[in-house]
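Right, one structure below, let's go through it.
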Amino acid sequence: MGDEDIPLQVHVDLEGYKIERKLDGKPLDARQYSSLQELIENELEGLDFQELVAVSDAEIQTALASAKKEAAFAELPVYRQNAAYASEHGELEQYRVSHQANIACKEAIEQSIDQNYDGRRLAKGTADKVMQKFGSERVMYVLANTIQQKGWDGRFHPYNKDWAKTVDIPPNPDSFGFERNCEFVVDSHAGLTDLFVSQARREVERQPRASVREQLKQAQEKVEKKSPVQASPKKKEPER
């Protein structure tokens, strides 16, 4: 696979004195300078375009691995029980994988807010991009957890706080009493996170809903996967 197979974007920030490259939309590297003059002298004078867009095979492989990981996250179901329950029921692996996905999702939300807030508003489609990577179920789970853990913060709209209360997220303390759910709390500015929550909820409301029959079928499939139906034991014939 060559460089031309994966899109490379180069962004020069003349106000922030920074140049950064993205490979397939993901941060590749960045160089920060203390002044515009320093940026010009080190990056723009005698600019070699071929050198600027050169990407190593290792960087391409990293980008591919990241893309595969995101695709896996999008299909991964949210594990809605805590570690204690998972341990008791032999489901620790499902719990761990889902928990790591929750953490990756919260980091993606933080990065998305940082990149798409222009000082006045959050760009349209910001939440939808994260949902495409992690699935709407996980994004909403992480957001609900964030508001539940920050219920004291008045910068979250009451409308969003009431919604968060409807999402069942069991406490998940470790042996030292630390709440593991805090590991996937979005740490962006609460006001901006609230804007993201509102946008995400609107996106979910626009998504087509499954019919009652489809919902019942999906629920039945989940039950069957969790508790396979076993054949009833034959009655013992009376001895003659």
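Our Cα-only numbers for the stretch 151-207 put the radius of gyration and Dmax at 13.2, 42 Å. Quick one: 3J(HN,Hα) in Hz for the stretch 10-22, Karplus 6.51/-1.76/1.60 with θ = phi - 60°, rounded, Gly and Pro as x. Karplus values, whole Hz, x for Gly and Pro: 10, 10, 10, 9, 6, 8, x, 6, 9, 10, 9, 10, 10. Each residue was assigned an accessible area with a 1.4 Å probe, and for residue 178 the value is about 100 Å². In this rough spin-label picture, where each label sits 7 Å from Cα along the Cβ direction, the residue 201-residue 148 distance is 1.6 nm. In this label model, residue 97 and residue 182 are separated by 2.9 nm, measuring between points 7 Å along each Cα→Cβ vector.
You can think of it this way: the chain between residue 29 and residue 58 has 9.1 nm of extra reach, that is 0.36 nm per residue less the Cα-Cα gap. Inter-label distance, residue 18 to residue 49: 2.6 nm, where each label sits 7 Å from its Cα along the C-beta direction.
Students often get this wrong, so check it: of 106/150; 18/106; 124/165; 133/165; 133/161; 18/129, which have C-alpha atoms separated by over 22 Å?
With Cα atoms farther than 22 Å apart: 18/106; 124/165; 133/165; 133/161; 18/129.
Here the Karplus relation 6.51 cos²θ - 1.76 cosθ + 1.60, evaluated at θ = phi - 60°, turns the backbone of the stretch 129-140 into coupling constants of 5, 5, 5, 5, 7, 10, x, 5, 4, 5, 4, 5 Hz, with x for every Gly and Pro. FRET efficiency for the pair residue 155 and residue 85, taken as 1/(1 + (r/R0)^6) with r the Cβ-Cβ distance and R0 = 25 Å, rounds to 0.15.
Between rounded, prolate and oblate, where does the stretch 123-170 land on the alpha carbon gyration tensor, with a ≥ b ≥ c its root eigenvalues, rounded for a/c under 1.5, else prolate if a/b exceeds b/c? Oblate, since a/c reaches 1.5 and b/c is not below a/b. For the set 194, 168, solvent exposure ranked by accessible area (probe 1.4 Å, protein chains only) runs largest to smallest as 168, 194.
Ligands, DNA and RNA left out, the 1.4 Å accessible surface of the stretch 78-181 is 49% carbon and sulfur atoms. In plain terms, the chain from residue 167 to residue 107 could stretch by 19.5 nm, reckoned as 0.36 nm per residue minus the Cα-Cα distance.
The values are calculated or read from the model by the stated rules, or taken from the named source; none is laboratory data. Note that the structure is predicted; figures quoted are calculated from it, not measured. Positions of Cβ are backbone-derived with ideal geometry, glycine not excepted, and every protein chain shown enters the neighbour counts. Heavy atoms of the whole protein, side chains included, go into the accessibility calculation; ligands, DNA and RNA do not. Shrake-Rupley method; radii C 1.70, N 1.55, O 1.52, S 1.80 Å.
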